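The values are calculated or read from the model by the stated rules, or taken from the named source; none is laboratory data. Keep in mind it's a predicted model, so treat the numbers as computed, not measured. In this analysis, Cβ positions are derived from the backbone assuming ideal geometry, glycine residues included, and neighbour counts consider all displayed protein chains. Remember, those area values only see protein heavy atoms, side chains included, never the ligands or the DNA or RNA. Shrake-Rupley method; radii C 1.70, N 1.55, O 1.52, S 1.80 Å.
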Amino acid sequence: MRLAIVGVGKMGRSILEGILKAEFLAPQELGVVDVKEYAQAVAQQYGVRALDHPELRMAERVLISVQPKDLPTVAPQVTHPNTGYISIMAGVSTRVLTERLGTRRVVRAMPNLAATIGRSSTAVVGPREAEEAGDLEFARQLFATVGDVYDLPERLFDAFTGMSASAPAYVAMVAEALADGGVKMGLPRAQALKLAADVLIATGELLRHKHPAVVKDEVSSPGGTTIHGVAALEARGIRAALIEAVQAATLRGHELGQDE
């Protein structure tokens, strides 16, 4: 068995789907571990194998996709000799993974919710032992099935989590607020929500080619509607609010790591 996924909630399941869609691994090379009935249902749906914890010894590598608070309970159940581990637990450092799992063959990774549609940005890092054993390269290829992959120094992981991994929530709040504004001014709710989603998608594509300030300036004609809206946003401190959101999420990532 090439890979076992421990925890097939939204993120674990999205990664499983990405692996199979990209044909990175075949169904018979994959196993899943979760609550028994749920794991069996997922296994049946995707043609993979539902595993009990003792059966993890058969896996070359294990992807840990559980909440950080569950690591102390899960670690003893998944630890087996000659196994490589990949973790997507926010805030859990490679040092903590090494201590809990008893091996230096650990990779720390951080995808985001866009993995569910194959558009994630995922950071990866691992010690020399993980590189030498091929675990880090395996992780790169694995997360490439659900989006873009970045090698990142571990000291920047919490900042990456606070910005990239958490950003879908921030942007969704912006979209919801835009739609509320449209509704306030008379647009039907369904239309306002679609317009908000469409403009965020289109703006994202523009930002692949232009600096954000350029996009803002190109839309803001002198004395026009947009610059008045921009002034209202500045008066409400939108920039400071988003900066503080990233900072708060980053600091929480530090705290999660310290909790371990």
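Here are a few things to note about the model shown:
- Within the stretch 119-133, the set of residues being open to solvent by 20 Å² or more (accessible area, probe 1.4 Å) and either touching a strand residue (DSSP E or B) at 6+ places or on another chain (Cβ under 6 Å) or in contact (Cβ under 8 Å) with a residue 40 or more places away in the chain (or both) comprises 119, 121, 125, 126, 133.
- Just so you know, in the stretch 82-102 the residues that are assigned to a loop (DSSP other than H, G, I, E, B) and either touching a residue at least 24 places away in the same chain (Cβ under 8 Å) or over 15 Å from residue 63 (Cα atoms) (or both) include one that is most open to solvent (accessible area, probe 1.4 Å), and it is 102.
The rows are residues; the columns are (1) closer than 23 Å to residue 87 by Cβ; (2) over 21 Å from the mean Cα position of the chain (by Cα); (3) not hydrophobic (A, V, I, L, M, F, W, C).
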| position | (1), (2), (3) |
| --- | --- |
| 167 | yes, no, no |
| 175 | no, no, no |
| 179 | no, yes, no |
| 226 | no, yes, yes |
| 257 | yes, no, yes |
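- Per the conditions (1) touching an Asp or Glu at 6+ places or on another chain (Cβ under 9 Å); (2) exposed (fewer than 14 other Cβ atoms within 10 Å of the Cβ); (3) within 19 Å of residue 118 (Cβ to Cβ), the sole criterion not satisfied by residue 36 is (3).
- Qualifying residue in the stretch 42-59 (condition: hydrophobic (A, V, I, L, M, F, W, C), open to solvent by less than 50 Å² (accessible area, probe 1.4 Å) and under 19 Å from residue 105 (Cβ atoms)): yes
- Only listed residue being open to solvent by 30 Å² or more (accessible area, probe 1.4 Å) and touching a Ser or Thr at 6+ places or on another chain (Cβ under 7 Å), chosen from 73, 116: 116
- Checked against (1) open to solvent by 30 Å² or more (accessible area, probe 1.4 Å); (2) within 21 Å of the chain's Cα centre (by Cα); (3) free of Cβ contacts under 8 Å to residues at least 24 places away in the same chain, residue 28 passes all but condition (2).
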